[in-house]
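The values are calculated or read from the model by the stated rules, or taken from the named source; none is laboratory data. Because the structure is a prediction, the values reported are computed rather than measured. Don't worry about glycine lacking a Cβ; one is built from the backbone with ideal geometry, like all the others, and counts go over all protein chains shown. When the accessible area is computed, the model is the full protein with side chains, heavy atoms only, and any ligands, DNA or RNA have been set aside. Shrake-Rupley method; radii C 1.70, N 1.55, O 1.52, S 1.80 Å.
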Amino acid sequence: MTGHVIELDLGCSSLVGKIDSNRSLFQLSHLQRLDLSSNNFSHSHISPEFGRFLNLTYLDLSDSYFSGQIPSEISHLSMLQSLYFSGEMLKFGPHDFELLLQNLTQLRELHLTSINISSTIPPIFSSHLTTLRLRDTGLYGIIPESIFQLPNLKTLILQNNDQLSGYFPKTKWNSSASLVELDLSGVNLSCNLPDSLSYLTSLQSVS
């Protein structure tokens with residue numbers, strides 16, 4: 001009744017239709033966690049009003065049949081620690097992916113699956129990142145070495161980005177104490193597996 005809601009979990013709730021900008025959802029200004037995953041929003045666009053949730057630390061809009069351009073207002077959510085998007089009909093506008101990485105300095109988990117990013121990977125990442133999943137996103141160019149220097153990284157998935165290229169660091173990785181899962185399948189690596197992989201003592205899965 002007061003609108004002072006801090007968490008809303010509607011994942012897998014069989015929701016259908018569209019979320020218009022005038023929905024009462026966007027009046028819940030105290031939200032810290034919002035999960036709308038695995039619903040059917042009829043290929044509607046993601047409203048820029050999601051950028052009003054300045055207290056959000058967790059946002060999951062994956063597998064919910066959104067389409068169109070992800071609004072740049074998502075990069076206003078500077079408190080976000082976990083962000084999930086997926087869907088072949090979603091895309092980032094020019095420079096919006098870079099803006100997202102630049103502004104979300106508290107980010108710990110970034111899951112972008114089958115999103116059309118179609119850009120290079122900027123060498124700008126939150127030092128808090130533990131999970132980076134960018135599978136099948138149309139990334140191209142060189143993998144920045146800064147990814148391999150993230151001190152808290154546990155999961156790195158760059159699978160199925162065949163226009164992406166790079167090489168493994170030949171020296172000890174800063175993330176060596178924590179990396180558990182590594183998937184670079186479908187990426188054009190320009191060298192054989194280096195001795196530096198032996199430093200990844202926590203690694204459980206590699207492909």
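In a residue-by-residue description of the stretch 82-91, the property of being over 24 Å from THR120 (Cα atoms), touching a Gly at 6+ places or on another chain (Cβ under 9 Å) and in a loop (DSSP other than H, G, I, E, B) applies to no position.
Could you look through the stretch 153-186, keep only residues that are of a type in the set (Val, Ile, Thr) and surrounded by fewer than 18 Cβ atoms within 10 Å (Cβ to Cβ), and pick out the one that is modelled with the highest pLDDT? Top of the filtered list is VAL180.
Against the definition (over 21 Å from ARG135 (Cβ atoms), under 15 Å from the mean Cα position of the chain (by Cα) and either touching a residue at least 40 places away in the same chain (Cβ under 8 Å) or assigned to a loop (DSSP other than H, G, I, E, B) (or both)), how does SER78 come out, yes or no? Judged against the criteria, SER78 is a match.
Within the stretch 108-123, residues that are without any contact (Cβ under 8 Å) to a residue 12 or more places away in the chain reach no partner that is in a strand (DSSP E or B) with beta carbons closer than 6 Å at six or more positions or on different chains.
Looking at the stretch 24-34, can you tell me whether even one residue there is under 13 Å from TYR65 (Cβ atoms) and surrounded by 18 or more Cβ atoms within 10 Å (Cβ to Cβ)? No, that holds for no residue. For the stretch 97-110, name all the residues that are surrounded by fewer than 20 Cβ atoms within 10 Å (Cβ to Cβ) and touching a helix residue (DSSP H, G or I) at 6+ places or on another chain (Cβ under 8 Å). Answer for the stretch 97-110, where residues must be surrounded by fewer than 20 Cβ atoms within 10 Å (Cβ to Cβ) and touching a helix residue (DSSP H, G or I) at 6+ places or on another chain (Cβ under 8 Å): LEU99, GLN102, ASN103.
To keep it simple, each residue is scored yes or no on (1) open to solvent by less than 80 Å² (accessible area, probe 1.4 Å); (2) closer than 26 Å to THR130 by Cα.
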{"site": "PHE41", "(1), (2)": "yes, no"}
{"site": "PRO71", "(1), (2)": "yes, yes"}
{"site": "HIS95", "(1), (2)": "no, yes"}
{"site": "LEU112", "(1), (2)": "yes, yes"}
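For the stretch 138-152, residues that are out of contact with any Phe, Trp or Tyr (no Cβ under 9 Å at 6 or more places or on another chain) and among the hydroxyl-bearing types (Ser, Thr, Tyr) total 1.
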